[in-house]
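Here is the structure we will look at, set down as structure tokens.
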Amino acid sequence: MTTTTSRLTQHDYYTVALRLLAEGSHESLTIAALCDELGVSKGSFYHHFGGWSGFVTAFLETWERESTLEVKETAERIDAVGTKFRLLATLVDTIPHDAEAALRVWSHTDPVVKAAVQRVDHAREVMVRDFFALTIPRSEAAMLAELFLSTLVGNQLAHRPADTRRMRKLLTQMMKLTAAYYGPEITGGENPA
């Protein structure tokens with residue numbers, strides 16, 4: 001618990017917000033809950049964000065950047081199919097699945113959250129599509145990307161708490177089936193296991 005507001009950063013609030021979402025729901029995420037968890041006054045919250053909408057906007061931008069955009073930018077700089085495959089294969093381990101499940105539910109009642117979730121999903125789908133399009137036709141790559149993203153999202157919503165190991169096994173099996181159909185060049189010769 002942080003007790004010195006001078007050392008508290010906006011990111012400290014985001015970390016607690018992800019945990020509150022993961023452990024509960026979007027209804028668990030309140031100014032009071034954040035401040036209680038951080039051991040600060042509501043004045044500290046307002047100092048950092050100006051209000052609830054400022055917090056939500058900044059929190060969603062940080063989630064989007066850290067959970068997707070940074071990986072996407074890294075993947076775009078990689079030319080080797082096998083290296084890109086290994087990077088994308090680790091994505092399932094870096095996503096805050098339980099918090100994302102809560103964000104997905106929240107997106108049904110809040111247009112700002114809905115827009116952020118849609119941007120994240122679109123960025124991930126494009127990233128996976130572009131990976132597959134290195135070795136197969138773009139239209140088929142787009143269908144595969146949608147299938148992989150749908151599996152990820154479906155798992156997030158169906159299994160809470162998230163079982164990342166199970167999710168990784170499912171996605172690995174899908175990748176094995178994809179490689180069996182298209183050939184090992186789709187993974188750059190990397191073993192999907």
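In region 70-96, the residues that are under 13 Å from ARG124 (Cβ atoms) reach residues that are assigned to a helix (DSSP H, G or I) and among the basic types (Lys, Arg) with C-beta atoms within less than 7 angstrom, at least six apart or across chains, in these pairs: ALA75/LYS84; VAL92/ARG168. Counted as qualifying within region 77-193 are the helices (runs of 4 or more DSSP H) with 1 or more residues that are farther than 20 Å from GLU64 by Cα, namely 81-94, 111-132, 138-158, 164-182. Checking each residue in region 37-59 for being under 14 Å from TYR14 (Cα atoms) and either among the β-branched types (Val, Ile, Thr) or in contact with a strand residue (DSSP E or B) (Cβ under 9 Å, 6 or more places away or on another chain) (or both) picks out VAL56, THR57. What's the total number of residues in region 49-60 that are touching a residue at least 12 places away in the same chain (Cβ under 8 Å) and open to solvent by less than 40 Å² (accessible area, probe 1.4 Å)? Qualifying residue count, region 49-60: 6. Pull up region 67-102, narrow it to residues that are farther than 18 Å from ALA133 by Cβ and of a type in the set (A, V, I, L, M, F, W, C), then point me to the one that is surrounded by the fewest Cβ atoms within 10 Å (Cβ to Cβ). So, considering only residues that are farther than 18 Å from ALA133 by Cβ and of a type in the set (A, V, I, L, M, F, W, C), the one surrounded by the fewest Cβ atoms within 10 Å (Cβ to Cβ) is LEU69. Among the residues of region 59-80, those identified as closer than 24 Å to VAL112 by Cβ and either in contact with a Leu (Cβ under 7 Å, 6 or more places away or on another chain) or not hydrophobic (A, V, I, L, M, F, W, C) (or both) are GLU61, THR62, GLU64, ARG65, GLU66, SER67, THR68, GLU70, VAL71, LYS72, GLU73.
The values are calculated or read from the model by the stated rules, or taken from the named source; none is laboratory data. Keep in mind the model is a prediction, meaning the values are calculated, not measured. With ideal geometry, Cβ positions are generated from the backbone for all residues, glycine too; neighbour counts draw on all protein chains shown. Remember, those area values only see protein heavy atoms, side chains included, never the ligands or the DNA or RNA. Shrake-Rupley method; radii C 1.70, N 1.55, O 1.52, S 1.80 Å.
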